[in-house]
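Student: Below you'll find the structure I mean.
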Amino acid sequence: MKHHDRNRKLGRNTNQRRALLKSLACSLIRDEKIKTTEAKAKELRKFIEKLVTKASKNDQATYRFIYSKIGNKTQTEKLIKDVAPKYIERNGGYTRIIKLPIRKSDASKMAQIEFV
């Protein structure tokens with residue numbers, strides 16, 4: 001019996017989905033807020049919050065784990081040294097999703113995701 005599927009597929013296969021999340025995560029870490037579709041923002045929230053929680057440890061194993069998920073050295077260092085220390089006292093809820101008006105070209109639901 002097939003029950004509820006846990007992940008959104010975002011109209012992509014597994015490798016494309018992974019690459020999309022890496023790219024969105026790098027953009028969010030670099031710019032601290034990005035504008036994307038609502039579904040992508042919700043998937044990105046799950047992905048990035050796990051990384052921020054992990055980054056609060058700040059040891060070599062954590063660095064390697066985050067680098068394996070993001071694949072960008074400068075964004076990995078920024079996440080560990082700049083972003084994660086802000087949220088040490090906080091137990092989750094590092095990001096906020098703000099709904100925006102629909103995109104005119106294809107009527108997609110848009111959202112802005114940012115660090116709190």
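Only the coordinates and a few stated rules stand behind these numbers; no lab work does. Being a predicted model, the structure only gives us computed values, none of them experimental. Heads up, the Cβs are rebuilt from the backbone with ideal geometry, glycines too, and the neighbour counts pull from every protein chain shown.
Student: Which entries of Lys9/Lys99; Lys46/Lys81; Lys73/Lys104 show an alpha-carbon separation above 28 angstrom in the structure shown?
Tutor: Details: Lys9/Lys99 20 Å; Lys46/Lys81 21 Å; Lys73/Lys104 36 Å.
Over 28 Å apart, Cα to Cα: Lys73/Lys104.
Student: Next question, about the same structure. If I compute mean projected area of the Cα convex hull in nm² from the structure I just sent, which labelled value in (i) 8.7; (ii) 6.6; (iii) 7.3 lines up?
Tutor: Label (i) holds the value from this structure.
Student: Another question, then. Taking the 0 to 90 degree range and rounding to the nearest ten, how far is the long axis of helix 14-31 tilted relative to the main principal axis of the chain, both from C-alpha atoms?
Tutor: So the helix axis and the longest Cα principal axis differ by about 60 degrees.
Student: I've got another one for you. Evaluate E = 1/(1 + (r/R0)^6) for Ile97 and Thr14, where r is the Cβ-Cβ distance and R0 equals 25 Å; express this FRET efficiency to the nearest 0.05.
Tutor: Details: r = 24 Å, r/R0 = 0.96.
Approximately 0.55, to the nearest 0.05.
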